[in-house]
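A quick write-up on the structure given underneath.
The values are calculated or read from the model by the stated rules, or taken from the named source; none is laboratory data. Remember, it's a predicted structure, so these values are computed and weren't measured experimentally. All Cβ positions, even for glycine, are placed from backbone atoms using ideal geometry, and neighbour counts span all protein chains on display.
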Amino acid sequence: MNVRQIGAVAAASVLALGLTACGDSGKSSGSGGGSGAKFKVGIKFDQPGLGLKEGSKYTGFDVDVATYVAKELGHKASDIQWVQAPSAQRETLLSTGQVNMVVATYSITDARKEKVSFAGPYFVAGQDLLVRSDETAITGPETLTGKKLCSVTGSTPAQKIKAKYPGVQLQEFGTYSECVAALVSKGVDAVTTDNTILAGYASQAQYKGKLKVVGKPFSEERYGIGLKKGDKATCEKVNSAIAKMVSSGEWQKAVDANLGPAGFKVDTATNPPKQDPCT
C-alpha cells in the first residue's frame with residue numbers, strides 16, 4: 001500500500017469515528033427508560049422547599065419526587081437534566097419534547113388535560129395568601145377587594161382569582177420570587193399561590209419574620225406529573241412509582257425534609273393522595 005492509499009484509509013477511519021460519535025451524542029431517551037441518556041425533567045427553579053436552583057444544586061420536594069420516579073423508570077440521578085419550567089411554558093415544553101416530564105407544582109385541571117397527560121397526584125395543596133407580617137386587614141380572599149394581589153402568569157391561582165374575585169387588582173409576574181420581592185417592597189399587598197410554595201418563601205432567611213401565610217386555604221390543588229399527551233404507558237409506570245414512594249416511606253421523608261422546616265402542616269385528610277387512573 002503506497003503513502004496515498006494509507007492516507008485515504010486513515011481519513012476514512014477518522015470520518016467513520018466522527019459519524020459514530022455524532023450519532024451517540026444525538027441519542028435521547030424516551031419517558032420510559034434507558035439509563036445513561038439524558039432524562040429531561042421540568043421543575044421550578046425559584047420555589048424554596050419544592051424546586052430551587054442554587055448554583056449547580058437542585059433541591060425541594062418536587063426534585064425528590066422526580067428523582068425517585070426517574071429511578072423507577074430506569075434513570076440514575078446523574079442521567080437527569082433539570083430544565084426550568086415556568087408556569088406559562090409547561091405545556092409547550094412537553095408538547096415539543098423539550099422535557100420528558102414536568103414535576104413543578106403542576107395542578108391537574110381539565111383544561112390542561114386537553115394538552116398534556118397527567119400521572120398522579122403525588123400531593124394535594126391549597127391556594128392561600130402571603131402577606132407582610134404586620135398585615136391585619138387581609139384575612140382571606142374575601143378581604144382582597146381593592147388590594148393589589150400578585151400571582152404568576154399562566155398559573156391556576158391567577159386564573160381562579162380572576163374568575164372569583166373581580167374586585168382585586170391582580171398583577172401577574174413571570175415568577176413567584178418577583179411577586180415576593182414586590183410584596184416586601186410594598187409594591188403589592190399580597191401574593192397568592194399554593195400554601196406549600198408560600199410557606200417556603202416565608203421560611204427563607206431573608207424573609208423570616210417579614211412575611212406570613214394567612215392560613216385560610218380556599219382551593220384544592222392536586223399536583224400531577226405532566227407527560228406528553230396520550231402517553232398512557234409511561235403514565236402507568238409513573239403512577240406505580242409514586243405509589244411505591246408512598247408505601248416505602250420515602251414520600252414522607254421527602255415531605256418532612258423539604259416542607260417541615262417551613263412549619264408546614266400537611267393535610268392528612270387528602271395526603272398522601274391516591275393516583276388517578278391513566279387515560
Given the condition surrounded by fewer than 14 Cβ atoms within 10 Å (Cβ to Cβ), in contact with a Gly (Cβ under 7 Å, 6 or more places away or on another chain), assigned by TED's automatic domain parsing to the domain that holds residue 72 and hydrophobic (A, V, I, L, M, F, W, C), answer yes or no: does some residue in the stretch 220-238 qualify?
yes
Which of the numbered conditions does residue 219 fail, given that it passes all the others? Conditions: (1) among the polar types (S, T, N, Q); (2) under 19 Å from the mean Cα position of the chain (by Cα); (3) over 18 Å from residue 50 (Cβ atoms).
(3)
Counting only residues that are β-branched (Val, Ile, Thr) and touching a Gly at 6+ places or on another chain (Cβ under 9 Å), which one in the stretch 127-175 is surrounded by the most Cβ atoms within 10 Å (Cβ to Cβ)?
152
Quick one: would you say residue 179 is part of a helix (DSSP H, G or I), out of contact with any Lys or Arg (no Cβ under 6 Å at 6 or more places or on another chain), modelled with pLDDT of 95 or more and over 28 Å from residue 136 (Cβ atoms)?
no
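So, in the stretch 139-174, how many residues would count as being in a loop (DSSP other than H, G, I, E, B), within 22 Å of the chain's Cα centre (by Cα) and over 21 Å from residue 220 (Cα atoms)?
Filtering the stretch 139-174 down to residues in a loop (DSSP other than H, G, I, E, B) leaves 139-140, 144-147, 153-155, 165-168, 174.
Still in the list and also within 22 Å of the chain's Cα centre (by Cα): 153-155, 174.
From the residues that got through so far, the ones that are over 21 Å from residue 220 (Cα atoms) too are 174.
Here the count works out to 1.
From 254, 190, 233, 241, which residue is over 25 Å from residue 72 (Cβ atoms) and among the small types (Gly, Ala, Ser)? Before the answer, list the steps.
On the way: 254 fails: over 25 Å from residue 72 (Cβ atoms); 233 fails: over 25 Å from residue 72 (Cβ atoms); 241 fails: over 25 Å from residue 72 (Cβ atoms).
From the options 254, 190, 233, 241, the qualifying one is 190.
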Out of (1) within 25 Å of the chain's Cα centre (by Cα); (2) at pLDDT 95 or above, the one residue 132 does not meet is (1)
Among the residues of the stretch 165-172, is any in contact with a strand residue (DSSP E or B) (Cβ under 8 Å, 6 or more places away or on another chain), closer than 19 Å to residue 90 by Cα and touching a residue at least 60 places away in the same chain (Cβ under 8 Å)?
no
Answer yes or no: is there a residue in the stretch 20-34 that is assigned to a helix (DSSP H, G or I), surrounded by 10 or more Cβ atoms within 10 Å (Cβ to Cβ) and modelled with pLDDT of 95 or more.
no
Within the stretch 184-207, identify whether any single residue is in contact with a Cys (Cβ under 7 Å, 6 or more places away or on another chain) and of a type in the set (Lys, Arg), and answer yes or no.
no
